[in-house]
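Down below is the structure, laid out as structure tokens.
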Amino acid sequence: MNITSNNEIIGKVFHYFQEIESTNGYANELIAKSAPVEGTVILAAHQTKGKGQQGNEWDSAAGQNLLMSVVLRPHWIPIQHQFNLNMAVSVALQESMAAQVAAECAIKWPNDLMIDGHKVAGILIENTIQKQALAYSVVGIGLNVNQTFFPPELTRATSMKRISGQDFQLDKVLSLLLERLEYWYLELMHGRLEGIRARYLKHLFQYQERCTYRVNGQMIEGQILGVNKFGKLMVEVKQSLVEYNTKEIEYVY
């Protein structure tokens, strides 16, 4: 893969591996042992122990997808507003995919990207906290690009190739993603949160739609109205506004 970047921050330093346990794991090791340059990118053709949200493994065929982590130092983000980084990354990923695939790409709170109700990408952000701020953030991204076969249990998985019917050059997909990550990260850094939030809500999965969810083992009907400043999902249920953390509500679709 031809790896280059003209960005000011993201992609100035690359670590590339044919195989690694986890790009997020390697990034966290770098942080523990040294002071990596902000924007350092760890990229792998294959992960043997890829991480997903809530300890799940990320399944990916070798050499067919983008598996990467970016080391950031957003010390200017208070820990109570750390979800702002998630929004900026989600918007960057959504925008880069929408420019390449002729299908609606939605952001599924809190950490997935969806096309036609199927998961095409996932985000895992791991933070190092110091003095009530984010000393380091490791932004892990798994993007299904050219993989067309998935394990039978992953019935909701898809890829850019599955959707479009065409092969993609991984270096070009990477280049555009890094460019959009840089843009939206700088927007966040400069305090332009409203533009990030507006695009996030515009592409939020099931936003303002009447849908079914599972809460405490019970089915409920609700309407997503947004995400609050702490990253909780805001859902109107029986004419009342209820706010949910990640593990408190499950999509049913």
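Just so you know, all these numbers are worked out from the coordinates, no wet-lab data involved. Quantities reported herein were computed from a predicted structural model and do not represent experimental measurements. Neighbour counts run over all protein chains shown; Cβ positions are idealised from the backbone, glycine included.
Just to confirm the filter: which GluC sites (Glu not before Pro) across region 107-188 are DSSP coil and have at most 10 other Cβ within 10 angstrom of their Cβ?
Details: sites: GLU126, GLU153, GLU179, GLU182, GLU187; in loops: GLU153.
When the GluC sites (Glu not before Pro) of region 107-188 are filtered for loop state and at most 10 Cβ neighbours within 10 Å, GLU153 remain.
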No solvent, one uniform scatterer per C-alpha: report log10 I(q)/I(0) for region 210-251 via the Debye equation at q = 0.25 1/Å, two decimals. -0.84
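Any of LYS49/LYS119; LYS202/LYS247; LYS119/LYS161; LYS202/LYS229 with alpha carbons more than 21 Å apart? Name them for me.
Details: LYS49/LYS119 19 Å; LYS202/LYS247 24 Å; LYS119/LYS161 13 Å; LYS202/LYS229 17 Å.
Over 21 Å Cα-Cα: LYS202/LYS247.
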The distance between the Cα centres of region 131-152 and region 2-24, in whole Å, is 13 Å
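Quick one: THR40, THR23, fewest Cβ neighbours within 10 Å first, how do they rank? Walk me through the intermediate numbers first.
On the way: THR40 22, THR23 27.
Lowest count first: THR40, THR23.
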Determine one quarter of the surface area of the Cα convex hull of region 121-253, which equals its mean projected area, and express it in nm² to one decimal. 10.9 nm²
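Using only DSSP helix segments of four residues or longer, with each worth -39500 (n - 2.57), what per-residue ellipticity at 222 nm results for the chain after dividing by its residue count and rounding to 500? Spell out each step's value before the answer.
Numbers: 5 runs with 62 residues, N = 253.
Taken over the chain, the calculation gives -7500 deg cm²/dmol.
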Over the chain, what is the mean sequence separation of C-alpha contacts under 8 Å (at least six apart), divided by residue count, expressed as relative contact order in percent? 18 percent
Given bins 5 angstrom wide, list per bin the percent of all Cα-Cα distances in the chain, short to long. 1, 6, 13, 18, 20, 18, 13, 8, 3, 1, 0
Förster-model FRET efficiency, 41 Å R0, LYS229 and ASP167, C-beta, rounded to 0.05: 0.50
